[in-house]
Amino acid sequence: MQKINPSEITPEHLYFSRRKFIVGAGALAAGTLVSFSCRRIEPAPPTGEDFCASAKATGSTDELGANLTSCRDITNYNNFYEFSLGKEDVAPLSANFRTSPWTLKVGGLVNKPRTYDMNDILSRFNQDERIYRLRCVEAWSMVIPWVGFRLADLLKEAEPLPAAKFVRFETLLDPDQMPGQKDRSFDWPYVEGLRLDEAMHNLTLLATGLYGKPLPPQDGAPIRLVVPWKYGFKNIKSIVKIDLVEEMPASFWMDYAPHEYGFYANVNPDVPHPRWSQSSERRIGELARIRTLPFNGYGEEVASLYAGMDLRKFY
Ligand code: MTE
């Protein structure tokens, strides 16, 4: 199959020409975000009904006053290349994706490797709501009420060995269910990585739901990563494997276009993508462009992780 030109990965112009925007309050956040709201949520079992009909969140804004993106936008405008390169095609193409039974294998450089069944995960780790901004590298963003738990809680159970320096995540490989994986121009499965201290950070989540319900397939069911200060592509979906490793893992996008996508991928308005500026973004559902904040607004919490690093070099 023909290799896809990296310029086709991010067809922002296509999106903006196809879609009508609802005018909303373009809340421009100044300063740094206070990170999340926390309340225990019991996700309802999936019912097959319209996902958004019973969507619920504890508030209508994040802590700096940005409006939540509508449930319909969050669940109908997706990047999930295992299903399609078309953002609006992912939801229908993933509707029958089997997410139960599902196992997540945690291993590598740990004292206690373990394979969890999704039900173990839901019963072991308290699921809270956390409203985070997701800033896609394509310069659009959303404000999403996730339901999930700290990745650190899971990693602590595994007891990382001193040699473990990075965490490597892998998505399910199943071309029969995920038609996009038949496209051999990509090196499947989708892989992502974090430095161990990033993975252990209080803001880093494993999400199992959104808007008070279990994740729908298009948003990465049944379990996906959420790292709100990094570009959206770090937020790997439908994870089956987490390994603690010594060397920095190569991610899906680093392999595909190394000059465009680095390992750190921290949201940085001062470092343009080679083909476009990252200084502003369009909040989905709103009309005005807004200024992009360093670390997506979470600088107060995370900037110290990168003290002394040249973030132009380590993009
Ligand atoms: N994870 C997998 N496995 N495959 C993907 O194509 N796309 C990433 C990320 N996680 C992707 C993925 C990108 S580019 C973005 S912006 C976010 O998922 C989008 O998440 P959302 O569709 O839930 O908004």
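With contacts taken as Cα pairs under 8 Å and at least 6 residues apart, the stretch 55-185 reaches a relative contact order of 25 percent. In sequence order, the stretch 298-307 has phi-based couplings of 9, x, 4, 7, 10, 4, 5, 5, 10, 4 Hz under the Karplus curve 6.51 cos²θ - 1.76 cosθ + 1.60, θ = phi - 60°, and Gly or Pro positions carry x. When only alpha carbons are used to place a centre, the stretch 128-166 and the stretch 92-106 end up 19 Å from one another. With θ taken as phi - 60° and the Karplus curve 6.51 cos²θ - 1.76 cosθ + 1.60 applied, the whole-hertz 3J(HN,Hα) list for the stretch 177-182 is 8, 10, x, x, 6, 7 Hz, x standing for glycine and proline. Note on the stretch 179-313: Cα-Cα pairs beyond 24 Å make up 36% of the total pair count. Residues whose amide H falls under 5 Å from that of residue 68, counting only those 5 or more places apart or on a different chain, are 61, 62, with hydrogens built in the peptide plane. Taking label positions 7 Å along the Cα-Cβ direction at both residue 124 and residue 312, the computed distance is 4.5 nm, reported to one decimal. The phi torsions of the stretch 258-274, fed into the Karplus equation with coefficients 6.51, -1.76 and 1.60 and a -60° offset, translate into couplings of x, 6, 9, 10, x, 6, 6, 6, 6, 4, 8, x, 8, 10, x, 5, x Hz, rounded to whole numbers, with Gly and Pro shown as x.
Sorting the Cα pairs of the stretch 63-106 by distance into bins of 5 Å, from 0 upward, gives 5, 18, 19, 16, 16, 13, 9, 3 percent per bin. Cross-linked pairs 56/241; 156/230; 87/230; 87/165; 56/112; 165/241: Cα-Cα separations exceed 27 Å for 56/241; 87/165; 56/112.
Over the stretch 6-306, Cα pairs under 8 Å with separation of 6+ residues give a relative contact order of 24 percent. Distant-in-sequence amide contacts of residue 235, defined by a placed amide H-H separation under 5 Å and a gap of 5 or more residues or a different chain, comprise nothing.
Count Lys and Arg as plus one, Asp and Glu as minus one, and take only other residues whose Cβ is under 10 Å from that of residue 141; the net charge is then +1. Legend: ranking of residues 284, 74 from fewest to most surrounding C-beta atoms inside 10 Å; resulting order 284, 74. Translational diffusion coefficient of the stretch 55-132 (Stokes-Einstein, Kirkwood radius from Cα pairs, 4 °C, 1.567 mPa s): 81 µm²/s. Hull volume per residue, based on the alpha-carbon atoms of the stretch 6-306 and their convex hull, is 123 Å³.
Read the figures in this text as sums done on the coordinates, not as results from a lab. None of the values given here were measured: they were computed from a predicted structure. We place every Cβ from the backbone using ideal geometry, glycine too, and count neighbours over all the protein chains shown.
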